[in-house]
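J.: I am attaching a structure below and will ask some questions about it afterwards.
The values are calculated or read from the model by the stated rules, or taken from the named source; none is laboratory data. Here the structure is a predicted model, which is why all the values come from computation and not from measurement. All Cβ positions, even for glycine, are placed from backbone atoms using ideal geometry, and neighbour counts span all protein chains on display.
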């Protein structure tokens with residue numbers, strides 16, 4: 001007995017695919033024609049006309065071939081696909097704009113020099129954004145050191161202790177994630193900077209970033225800890241462990257990769273924050289390794305300052321700064337993915 | 001070592017799930033708890049090692065006397081109780097972040113006990129759980145890499161490492177294939193020489209195979225009650241209560 005050849009009768013045949021492709025082509029031609037003869041103008045008009053015509057033609061075609069239910073399904077399918085397209089268009093548009101404008105300002109030199117001896121209007125061969133990169137990394141590191149313990153301990157309170165205040169704390173943490181960043185900045189300005197330290201510093205900026213970061217870390221960690229099966233907690237306690245030792249030895253190690261993800265989402269939340277840094281860091285032009293004293297630059301501050309300077313060189317600097325910031329955030333996201341995947345493997 | 005329960009009741013919120021359980025467990029015996037789902041068998045064994053209080057809204061009444069002392073008496077260190085009364089759960093639950101060896105010894109770390117020779121204890125526990133020959137060459141592998149039956153025997157080895165005098169088993173074989181079930185039953189028979197074992201099971205053949213005594217629980221609309229307690233041979237051959245006879249002969253449940 002011979003084995004039959006494996007087939008996939010549910011996939012569209014070559015002729016069907018060609019027809020579908022033909023529908024797209026015809027819709028495109030018709031869309032161009034419609035825009036030419038009617039007063040519609042612009043790129044959006046082409047897209048819009050194409051979309052309407054494509055839905056009409058493909059629906060009629062489907063309806064004729066398979067019936068009215070398939071035709072209705074086709075309308076919804078096209079709407080969903082169009083919505084998805086609209087949603088991702090700005091992302092690609094942003095990426096394209098930033099890369100094409102920023103790449104002109106990228107050279108090896110800008111990663112080795114700061115702006116202490118250059119003004120934003122100087123040619124691109126002088127000055128750089130080393131101080132902004134080190135500043136952003138310092139700010140993020142300080143904020144991380146403060147917010148990770150607080151955020152994770154808050155999550156542990158919500159998932160492990162589940163005390164009387166669980167509901168109000170969960171509510172407040174959720175509300176805190178909606179706090180505008182400028183409010184966090186003004187709070188540190190009026191509560192810490194003016195009455196106590198009386199000088200701009202990186203640490204003041206980190207305090208404001210910490211306020212913004214804690215809700216992200218706490219909420220993500222809470223979700224991660226909730227996924228740890230209760231069996232493991234019971235097994236730990238049944239072996240004679242106290243709750244604290246069970247959490248420290250079993251629950252947290254089991255949730256480790258998720259907690260790292262929470263941390264990195266927290267970083268992504270604050271890496272581009274600008275408003276509190278404008279208020280609190282003083283935005284120096286020199287590499288400043290000390291977060292507790294003296295103004296400290298950062299990538300968002302550098303971008304803001306360069307755009308404000310207005311000259312063509314300064315604008316190019318600003319776009320280059322944006323590109324570097326995006327790459328930094330992107331690297332953090334990739335490392336988060338890698339950490340999570342390595343755990344699964 | 002003696003273990004006795006007196007007038008155990010249990011509630012979840014206002015729901016009375018278990019009523020007046022009085023049982024004395026003979027040293028070195030295996031007692032099977034049988035009965036339909038929802039009759040309070042699992043709740044009962046969880047009151048013995050104080051795991052019942054882990055569930056929000058839980059309440060209880062009565063005494064659990066371990067060597068004559070109530071485990072619910074004020075001032076009792078609950079972690080010490082759970083070291084003396086070990087537990088194996090329905091679903092195998094090895095700790096995912098630990099290797100096989102670390103899993104077996106995890107109880108020592110959790111309860112901060114010191115032992116002189118860890119390797120000896122590790123081998124001894126795995127031997128007694130009937131797992132040593134299968135894992136002796138890969139003690140550094142993760143517990144999750146074992147089959148379901150092996151994972152459950154790993155959990156038994158883990159429970160043995162802190163040297164409990166009583167072992168509670170909550171349907172330990174319900175998630176396992178017949179082969180693994182047989183291995184675990186052999187392990188139970190073997191362990192009963194040195195400790196008291198209480199096993200909840202839905203499998204009546206299993207109760208007949210492994211236990212010396214059997215208690216039949218039933219919730220007849222109200223809270224779960226113990227209908228009959230006797231040597232296993234008697235429960236299955238000549239039950240005194242009509243309801244027990246109906247259950248063990250498979251007429252209901």
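J.: In the list A:282, A:310, which residue meets the criterion of being within 14 Å of residue A:205 (Cβ to Cβ) and surrounded by fewer than 23 Cβ atoms within 10 Å (Cβ to Cβ)?
T.: Going through A:282, A:310 in turn, the sole match is A:282.
J.: Moving on. Just to verify a result, which residue in segment B:123-133, among those that are more than 11 Å from residue B:161 (Cα to Cα) and within 20 Å of the chain's Cα centre (by Cα), is nearest to the other protein chains (Cβ to nearest Cβ)?
T.: Filtering segment B:123-133 down to residues more than 11 Å from residue B:161 (Cα to Cα) leaves B:127, B:130-133.
If we keep only those that are within 20 Å of the chain's Cα centre (by Cα) too, we end up with B:127, B:130-131.
Details: B:127: 19, B:130: 20, B:131: 17 Å.
Applying the filter and picking the extreme gives B:131.
J.: Can I ask one more? Scan segment A:26-58 residue by residue and report those that are more than 36 Å from the chain's Cα centre (by Cα) and exposed (fewer than 10 other Cβ atoms within 10 Å of the Cβ).
T.: Result: A:36, A:37, A:39.
J.: Filter segment B:137-161 down to the residues that are surrounded by fewer than 23 Cβ atoms within 10 Å (Cβ to Cβ) and outside any helix (DSSP H, G or I), then identify the one that is farthest from the other protein chains (Cβ to nearest Cβ).
T.: Of everything passing the filter in segment B:137-161, B:137 is farthest from the other protein chains (Cβ to nearest Cβ).
J.: In segment B:57-71, how many residues are at positive phi and under 19 Å from the mean Cα position of the chain (by Cα)?
T.: Qualifying residue count for the region: 1.
J.: A further question on this structure: Mind checking whether some residue in segment A:73-89 is touching a residue at least 24 places away in the same chain (Cβ under 8 Å) and over 29 Å from the mean Cα position of the chain (by Cα)?
T.: Scanning segment A:73-89, I find no residue that is touching a residue at least 24 places away in the same chain (Cβ under 8 Å) and over 29 Å from the mean Cα position of the chain (by Cα), so the answer is no.
J.: Could you please give the count of residues in segment A:174-183 that are surrounded by 13 or more Cβ atoms within 10 Å (Cβ to Cβ) and within 20 Å of the chain's Cα centre (by Cα)?
T.: 5
J.: Taking the stated definitions as given, is residue A:84 assigned to a helix (DSSP H, G or I), over 30 Å from residue A:317 (Cβ atoms) and modelled with pLDDT under 90?
T.: In short, no.
J.: Can you run down the residue pairs with Cβ atoms below 8 Å, 6 or more apart or on separate chains, where the first is in segment A:22-39 and farther than 24 Å from residue A:62 by Cβ and the partner is surrounded by 15 or more Cβ atoms within 10 Å (Cβ to Cβ)?
T.: What qualifies is A:35/A:45; A:35/A:46; A:35/A:49.
J.: Then there's this: Determine whether segment A:162-171 contains at least one residue that is within 23 Å of residue A:261 (Cβ to Cβ), in contact with a helix residue (DSSP H, G or I) (Cβ under 8 Å, 6 or more places away or on another chain), in the same structural domain as residue A:288 (by TED's automatic domain parsing) and surrounded by fewer than 13 Cβ atoms within 10 Å (Cβ to Cβ).
T.: The answer is no, given that none of the residues of segment A:162-171 is within 23 Å of residue A:261 (Cβ to Cβ), in contact with a helix residue (DSSP H, G or I) (Cβ under 8 Å, 6 or more places away or on another chain), in the same structural domain as residue A:288 (by TED's automatic domain parsing) and surrounded by fewer than 13 Cβ atoms within 10 Å (Cβ to Cβ).
J.: Let me ask you something else. For segment A:234-242, does any single residue satisfy the condition of being touching a residue at least 60 places away in the same chain (Cβ under 8 Å) and either buried (at least 22 other Cβ atoms within 10 Å of the Cβ) or assigned by TED's automatic domain parsing to the domain that holds residue A:203 (or both)?
T.: no
Every residue, every condition in (1) modelled with pLDDT of 95 or more; (2) more than 14 Å from chain B (Cβ to nearest Cβ); (3) touching a strand residue (DSSP E or B) at 6+ places or on another chain (Cβ under 9 Å), yes or no:
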| residue | (1), (2), (3) |
| --- | --- |
| A:178 | no, yes, no |
| A:186 | yes, yes, no |
| A:214 | yes, yes, no |
| A:218 | yes, yes, no |
| A:222 | yes, yes, no |
| A:243 | no, no, no |
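J.: With the requirement that a residue be out of contact with any helix residue (DSSP H, G or I) (no Cβ under 8 Å at 6 or more places or on another chain) and either touching a residue at least 12 places away in the same chain (Cβ under 8 Å) or closer than 30 Å to residue A:43 by Cβ (or both), what does segment A:93-117 give you?
T.: Step one: list which residues in segment A:93-117 are out of contact with any helix residue (DSSP H, G or I) (no Cβ under 8 Å at 6 or more places or on another chain), which gives A:93-94, A:96-97, A:100, A:107-109, A:117.
Once the filter is applied, which keeps residues that are out of contact with any helix residue (DSSP H, G or I) (no Cβ under 8 Å at 6 or more places or on another chain) and either touching a residue at least 12 places away in the same chain (Cβ under 8 Å) or closer than 30 Å to residue A:43 by Cβ (or both), segment A:93-117 yields A:93, A:94, A:96, A:97, A:100, A:107, A:109.
J.: A further question on this structure: Is it the case that segment B:178-198 has a residue that's over 13 Å from the mean Cα position of the chain (by Cα) and within 13 Å of chain A (Cβ to nearest Cβ)?
T.: There is no residue in segment B:178-198 that is over 13 Å from the mean Cα position of the chain (by Cα) and within 13 Å of chain A (Cβ to nearest Cβ).
J.: Let me ask something else. Within segment A:285-303, count every residue that is surrounded by fewer than 18 Cβ atoms within 10 Å (Cβ to Cβ) and farther than 18 Å from residue A:206 by Cβ.
T.: Summing the residues that are surrounded by fewer than 18 Cβ atoms within 10 Å (Cβ to Cβ) and farther than 18 Å from residue A:206 by Cβ in segment A:285-303 gives 1.
J.: Can you go through A:257, A:201 and tell me which one is away from chain B (no Cβ under 14 Å) and touching a residue at least 12 places away in the same chain (Cβ under 8 Å)?
T.: A:201
J.: While we're on this one: For segment B:170-178, does any single residue satisfy the condition of being in a helix (DSSP H, G or I) and within 29 Å of residue B:32 (Cβ to Cβ)?
T.: Checking segment B:170-178: at least one residue is in a helix (DSSP H, G or I) and within 29 Å of residue B:32 (Cβ to Cβ).
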